[in-house]
Amino acid sequence: MNTETKNRVFPLRRLSNLRPNGSVLLFGAAILAILLANSAWHESYQQFLNQKVVLSIGKYSFFEHNGQNMTLLQFVNDALMAVFFFLVGLEIKQEILVGELSSPKKALLPVIAAVGGMIVPVCVFYIIAHDHPASLGAAIPMATDIAFALAVLSTLGKKVPYSLKIFLTALAVVDDIGGIIVIAIFYSSHFSFIPLLISLLILAIITLAGRAGANNHVFYYVMGFIVWTLFLESGVHATIAGVLLAMCIPAKPKVNFLKLPVVLRELTESLPREEQKTKAEAVLLSEHQQQIINTIRLRSARAISPLQSIEAELSPFVNFFVLPLFAFVNSGVTFGGITAEQLLHVPLAIFLGLLVGKTVGIFGFTWLSIKTSFCKAPTGMTIKNLFGVSIFGGIGFTVSLFIANLSYGAKGYMDLLNEAKMGIFAGTIVSGFLGYIILNLILRKEHKREMEAQAKTEETEATK
């Protein structure tokens, strides 16, 4: 099986290759927001975030909540991030069906690592900032940013064993699941039963339509928007609608992939051999030829399940537009007027939660499960490079910022939100640099030992 085929079949392999591409834009958007927030354009930046997003037909406004049109900041965090979590849900579903989370044996090690990487950071945070309202942000250092983590890891090149990339990506996916559960349980407001019940009924209809062979993307997008609107009214955080919708998207293609070559061969052979109208390089096909080619295109497209085709359709939009815009509107941390006492509170709790908590949690739980033979280490993973890659778990950005906004921003604690952003940036940057340096040194030494061992083996064989 070649690399391209493997990437199509195994979602995490494709994810580990594609996700880092948008991370440069994401990082650039965050830096631009920080510069604007600490410059003479600070007020203009804030005014931009508070611009109303208005889209209406007659008296109906599409992005309205509690009788008010959403600001740009609210629109990004409540609407566009629902699309991001929809994409995350699609990736999670693929992993559960055929990927690294498809069996208990495959999933056990990254799940244990992720659990450690969620529990320990929360404990570290509570030790430093256990008072109210600071303690509301205890979940902030739980998350690992897949895009940033893989982007930094990819700079180490081919020295990194592929099993480490898959391990890091898998535990980050489990991290996302943990983050989604936390958002659903702890960051939902009042519950309104009727909108929630209607949304669940619509999700059931979507599931039945998928099983009946519904393949039209527009159908899923329109129904998804209705579900999102109902979730917004229900009190359950609207981004959860994206995840639940993803679970309803069918993974079964309308055309059997194994029968596709036979169908395509029959259609190709039925193409009339009449001459085309040509001039220079221009070729005009007959109407009959166009019909057959369009049928081939349609049958081929239907051999890809809606689960995969929608994911492929949305990935560029999310990675190159939604996430950079999210980073831009949420990263405007201001450094003026911060005291040492403030830095040693929420920022320090998040910083140590990411850098120390994630590393200790991921490495400690994984090492213990391997040492007790509860799990088996994948090929290429050693205790040393496990420690190095565990540091990358502290690269928490997107979901950490999102949870920070829910913890503090949504409740009016803007000073704490600003401090939380400092901790997130510091923890992410230091984890990235430290992880790169330590893992690079470890991999170099391991590579050197491998080369020396190989040379000795060749020398021994030559003397025989």
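Just so it is clear, none of the values below were taken in a lab; they were calculated from the coordinates. Since we're looking at a predicted model, the values are computed, not measured. Using ideal geometry, Cβ is built from the backbone for each residue, glycine included, and neighbour counts are taken over all protein chains shown.
Got a sec to turn the phi values of segment 319-327 into Karplus ³J(HN,Hα) couplings, 6.51 cos²θ - 1.76 cosθ + 1.60 with θ = phi - 60°, whole Hz, x for Gly and Pro?
6, 10, 10, 4, 5, x, 5, 4, 4
Picking from Val120, Leu401, Ala107, whose Cα lies most toward the positive end of the charge dipole for the chain (charges on Cβ: Lys, Arg +1; Asp, Glu -1)?
Ala107
Once you compute Rg and the Kirkwood Rh from C-alpha atoms, what is the Rg to Rh ratio for segment 307-451?
Across segment 307-451, the Cα-based Rg/Rh ratio is 1.07.
Would you mind calculating the gained length between Leu196 and Lys445 on full extension (0.36 nm times residue separation, minus the Cα-Cα distance), in nm to one decimal?
Stretched out fully, the Leu196 to Lys445 stretch lengthens by 84.1 nm.
What nm distance separates the two modelled labels at Ile292 and Ala212, each placed 7 Å from Cα along Cα→Cβ?
Distance between the two pseudo-spin positions: 3.5 nm.
Remind me, relative contact order of the chain in percent, using alpha carbon pairs under 8 angstrom and six or more residues apart?
So the answer I get is 27 percent.
Which links in Lys105/Lys376; Lys158/Lys376; Lys384/Lys448; Lys106/Lys371 stretch past 19 Å when you go from one Cα to the other?
Exceeds cut-off: Lys158/Lys376.
Based on the Cβ-Cβ distance from Ala312 to Gln342, what FRET efficiency comes out when R0 is 51 Å, to the nearest 0.05?
After rounding, the FRET efficiency stands at 0.70.
Using the per-residue mean of other Cβ atoms lying within 10 Å as a proxy for protection, in what order, highest first, do the peptides 193-202, 136-145 fall?
136-145, 193-202
List the extent of the Cα atoms of the chain along each of their three principal axes, largest first, rounded to whole Å.
89, 82, 47
So in the chain, what percent of DSSP beta bridges are antiparallel if you round to the nearest 5?
Antiparallel bridges: around 100 percent, rounded to the nearest 5.
Once R0 is set to 45 Å, what does the formula 1/(1 + (r/R0)^6) return for the Cβ-Cβ distance between Gln454 and Phe433, expressed as a FRET efficiency to the nearest 0.05?
0.90
For the pair Val262/Asn50, report the inter-label distance in nm, with labels modelled 7 Å from Cα in the Cβ direction.
About 6.7 nm separates the two model spin labels.
Hey, with R₀ at 22 Å, roughly what FRET efficiency would Lys106 and Ala184 work out to, going by the Cβ-Cβ distance, to 0.05?
0.30
Spelling out what I want: for every residue of segment 425-432, take phi, set θ = phi - 60°, compute 6.51 cos²θ - 1.76 cosθ + 1.60 (Karplus), and round to whole Hz; glycine and proline get x.
Per-residue couplings from phi come out as 4, 5, x, 5, 5, 5, 4, x Hz.
Across segment 49-61, in residue order, what do the Karplus-derived ³J(HN,Hα) couplings come to in whole Hz, using 6.51 cos²θ - 1.76 cosθ + 1.60 with θ = phi - 60° and x for Gly and Pro?
Values, residue by residue: 5, 8, 4, 7, 9, 10, 9, 9, 10, x, 8, 8, 9 Hz.
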